[in-house]
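The values are calculated or read from the model by the stated rules, or taken from the named source; none is laboratory data. Note that the structure is a prediction, hence the values are computed from the model and not measured. In this analysis, Cβ positions are derived from the backbone assuming ideal geometry, glycine residues included, and neighbour counts consider all displayed protein chains.
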Amino acid sequence: MRFRTLTAHVPRNGVHDPNLEPVELTAILAEEVSPPADGTAVRWLLLTDLPVTCFDDARECVRLYSLRWLIERYHYVLKSGCGIEDSQLRSADALECLLALYCVVALRLLWLTYASRIDGDAPCTVAFTDLEWKTLFRYRNPRESLPAKPPPLREVVHWTARLGGFLARTGDGEPGVKTLWRGLMRLQDIVIGVLLLAPQDVGNV
């Protein structure tokens, strides 16, 4: 990893704001030393206006950039999943309240997506209520008895994603946020139906 401070001058040609001033930036070059034999080495050239005076500062900038994909997924959920851009609200205050709610939804969905991959053996109750996972189990296994303990998180996430179109074929990998949010929406519809029919005990459905 190498870095160097530089000054980006105002363009001499073209149309631009005449009040622009030169900007001091730091260029960081991060290169993968030992790439996989079947892959291409990572080579990032980053420009930042964050203060970089030592290796730790440069490494922190690279770490922040590595989160770019996750941040893009977060905005993708807000726009495509929650439909924040399609809101018909007319005031900034109302839109801010709606965005606050959707941010919680997007964060929960992202956390669920990646938690099932990283810690998939954890009990599903870290993310699903008893009613939710029992309803899913009943939906998929109507003739079987409920298990004595909650199934693993990864398994229940797969059940949920299947409701959203995830096929779980060999080579499909783990479900993404799109199939998972569709599955969660479908799950909530099913749970509401269960509550209307048997509010006391889903095991009796």
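Key figures for this structure:
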quantity: Single condition Arg108 does not satisfy, out of (1) of a type in the set (D, E, K, R); (2) assigned by TED's automatic domain parsing to the domain that holds Val156; (3) farther than 22 Å from Met185 by Cα; calculated: (3)
quantity: For Arg73: the one exception among (1) at pLDDT below 95; (2) touching a Lys or Arg at 6+ places or on another chain (Cβ under 6 Å); (3) closer than 23 Å to Glu155 by Cβ; calculated: (2)
quantity: Residue within segment 149-165 that is assigned to a helix (DSSP H, G or I), at pLDDT below 95 and over 21 Å from Gly81 (Cβ atoms) present; calculated: no
quantity: Lone qualifier among Gly120, Gly83 - being at positive phi and in the same structural domain as Gly176 (by TED's automatic domain parsing); calculated: Gly83
quantity: Single residue of Thr113, Thr125 found to be within 20 Å of Leu70 (Cα to Cα), assigned by TED's automatic domain parsing to the domain that holds Tyr74 and either touching a Pro at 6+ places or on another chain (Cβ under 9 Å) or β-branched (Val, Ile, Thr) (or both); calculated: Thr113
quantity: Neighbours by Cβ (under 8 Å, 6+ apart or cross-chain): first from segment 91-102, at pLDDT below 95; second part of a helix (DSSP H, G or I) and surrounded by 13 or more Cβ atoms within 10 Å (Cβ to Cβ); calculated: Leu98/Ile84; Leu99/Leu78; Leu99/Ile84; Tyr102/Leu78; Tyr102/Ile84
quantity: Hits in segment 112-150 (condition: small (Gly, Ala, Ser) and exposed (fewer than 12 other Cβ atoms within 10 Å of the Cβ)); calculated: Ser145, Ala148
quantity: Restricting segment 166-205 to residues that are under 19 Å from Lys134 (Cβ atoms) and charged (D, E, K, R), the residue that is modelled with the lowest pLDDT; calculated: Asp201
